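Report on the following structure.
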C-alpha cells in the first residue's frame, strides 16, 4: 500500500544507515551523559512545546500520506480525512494537556515503522530483519504510549532508577545501532544492486 511511496526514494541501506546512526548517537549520549539524558527524559512526557512540534510533524506526514497512498475502495474517504486531520491536530493541541509529547511520539513511531517495514519487505539478506524487529518494537510502544501515556513516565523512572539498568539498556541500544549500521554498510548495499 505504501511500499511504492517509500521505496522510490529510500533503500534498505539508506534506512539502515540513518536508523543505525541515530541509535548509536542517542544511546552513546545516554551512556556518556546519563544524568543529562535522564533529566531530559523525566521532563519529556509533560513537555508541551516538544509535544506540539512532534504532533506537527505527525500531522504533515499523515496529511502527505493520505494524499499519496492508494486507498482502494476507500478512496471516497480521502477528502473527509483531509478535513478531519487538521481539525484533530488543533483539537489535540487545545484539549490534550496531559502527556501530549508522549501521545505525539507514539503516533510518530507508528508512522516511522511503515518505511522500515516497506524497505525490508522480501529483501535479502536475512540481516534485514533487524529493521522489522525494531519497527515492531516501536509499534508496540507507540500503541501503548498513545493509549496509556503514563507508561512512558513509568518506564523512564524504571530505567533510570538503577545505574546498572540504565547502562545495560543504553549499551544494548548502542550495540543494536552498531549492528544496523554495519549490516547496512557491509550487506544491504550489495543486496540491492
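Checking every residue in region 95-114 against the condition of being modelled with pLDDT of 95 or more, surrounded by fewer than 18 Cβ atoms within 10 Å (Cβ to Cβ) and farther than 25 Å from residue 64 by Cα gives zero matches. Of all residues in region 9-23, those being over 15 Å from the mean Cα position of the chain (by Cα) and farther than 11 Å from residue 184 by Cα number 2. Residue pairs whose Cβ atoms lie under 7 Å apart, separated by 6 or more positions or on different chains, with the first residue in region 2-14 and on the phi > 0 side of the Ramachandran plot and modelled with pLDDT of 80 or more and the second in a loop (DSSP other than H, G, I, E, B) and surrounded by 15 or more Cβ atoms within 10 Å (Cβ to Cβ), do not occur. When each of 128, 123 is tested for being part of a loop (DSSP other than H, G, I, E, B), surrounded by 15 or more Cβ atoms within 10 Å (Cβ to Cβ) and touching a residue at least 12 places away in the same chain (Cβ under 8 Å), the lone residue that passes is 123. When the test is whether a residue is over 21 Å from residue 21 (Cα atoms) and touching a residue at least 24 places away in the same chain (Cβ under 8 Å), residue 101 passes it. Restricting attention to region 47-93, the residues being in contact (Cβ under 8 Å) with a residue 60 or more places away in the chain and within 25 Å of residue 154 (Cα to Cα) number 0. You will find that of 174, 134, the residue that is closer than 24 Å to residue 39 by Cβ and either in contact with a strand residue (DSSP E or B) (Cβ under 9 Å, 6 or more places away or on another chain) or crowded, with 16+ Cβ neighbours inside 10 Å (or both) is 174 and no other.
The values are calculated or read from the model by the stated rules, or taken from the named source; none is laboratory data. As the structure is a prediction and not an experimental result, all values here were calculated from the model. Quick reminder, even Gly has a Cβ in these numbers, built from the backbone with ideal geometry, and neighbours come from all protein chains shown.
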